[in-house]
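Notes follow once the structure below has been shown.
The values are calculated or read from the model by the stated rules, or taken from the named source; none is laboratory data. It should be emphasised that the depicted structure is a prediction, and the values quoted were computed from it without experimental measurement. Here Cβ is always computed from backbone atoms with ideal geometry, including for glycine, and neighbour counts include all displayed protein chains. What goes into the accessible areas is simple: the full protein's heavy atoms, side chains included, and nothing from ligands, DNA or RNA. Shrake-Rupley method; radii C 1.70, N 1.55, O 1.52, S 1.80 Å.
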Amino acid sequence: GTNARAGSSMASVESRPVLESSSEQRMRAWLCKRERGLAALLYSLPTVFPHLFSSYERAALPTLQATAGVSEVKRVYRRYTLYLHPDRRRNAHAEEAEEVLKQLTMAHADTAEWFRGLARSAPERYNAGIAYVT
């Protein structure tokens with residue numbers, strides 16, 4: 001009798017879905033923007049992950065407008081990679097900051113290829129600074 005009940009309760013514990021932590025939920029929601037490009041990730045980064053930055057850093061964070069040009073996207077990307085670098089992050093959120101940096105780097109690689117293609121195919125649009133369209 002007791003072993004049967006213990007076995008059935010053990011099975012129900014194993015079949016329960018594992019709940020994601022709030023940081024995993026934030027990361028998943030933020031990564032949904034990746035298909036819209038690097039600029040979309042950079043634009044939403046300070047609002048999705050404000051805890052990764054000190055109050056001093058938050059005040060100094062660069063902002064990105066929806067109509068930002070290629071050079072502006074590159075500048076903001078470089079600034080965020082400096083803020084999120086593992087050598088700079090030695091706090092409770094270091095692992096999360098490292099994952100955010102990794103995702104930004106992958107999005108930058110995709111976007112850099114897009115920038116190169118745009119520069120070759122439509123140099124007038126590239127030089128005008130049209131980074132992405134929402």
(Q) Considering only residues that are closer than 16 Å to SER44 by Cα and either acidic (Asp, Glu) or open to solvent by 60 Å² or more (accessible area, probe 1.4 Å) (or both), which ones fall in region 58-74? (A) ARG58, ALA59, THR63, GLN65, THR67, GLU72, LYS74
Q.
Filter region 56-81 down to the residues that are within 24 Å of GLU24 (Cβ to Cβ) and modelled with pLDDT under 90 and list them by number.
A. GLU57, ARG58, LEU61
Q. Just wondering, is there one or more residues in region 13-24 that are within 30 Å of LYS74 (Cβ to Cβ), modelled with pLDDT under 85 and open to solvent by less than 50 Å² (accessible area, probe 1.4 Å)?
A. yes
Q: Could you please let me know if LYS33 is modelled with pLDDT of 80 or more and on the phi < 0 side of the Ramachandran plot?
A: no
Q.
Test of understanding: among GLU113, GLU124, GLU96, which residue is among the charged types (D, E, K, R), over 13 Å from TYR43 (Cα atoms) and either at pLDDT 90 or above or within 14 Å of the chain's Cα centre (by Cα) (or both)?
A. GLU96
Q: Could you figure out which of (1) more than 19 Å from MET27 (Cα to Cα); (2) open to solvent by less than 20 Å² (accessible area, probe 1.4 Å); (3) at pLDDT 80 or above isn't true of PHE53?
A: (1)
(Q) Looking at region 82-107 only, could you name the residues that are part of a helix (DSSP H, G or I) and more than 12 Å from PHE53 (Cα to Cα)? (A) GLU95, GLU98, GLU99, VAL100, LEU101, LYS102, GLN103, LEU104, THR105, MET106, ALA107
Q) Name the residues in region 46-77 that are closer than 15 Å to ALA97 by Cα and either of a type in the set (Ser, Thr, Tyr) or assigned to a helix (DSSP H, G or I) (or both), would you? A) PRO46, THR47, VAL48, PRO50, HIS51, LEU52, SER54, GLU57, ARG58, TYR77
(Q) If I ask for residues that are in contact with a helix residue (DSSP H, G or I) (Cβ under 9 Å, 6 or more places away or on another chain) and not hydroxyl-bearing (Ser, Thr, Tyr), which ones from region 96-108 would you list? (A) GLU96, ALA97, GLU98, GLU99, VAL100, LEU101, GLN103, LEU104, MET106, ALA107, HIS108
Q) Given the conditions (1) open to solvent by 60 Å² or more (accessible area, probe 1.4 Å); (2) among the aliphatic types (A, V, I, L, M); (3) at pLDDT 60 or above, which single one is not true for LEU84? A) (1)
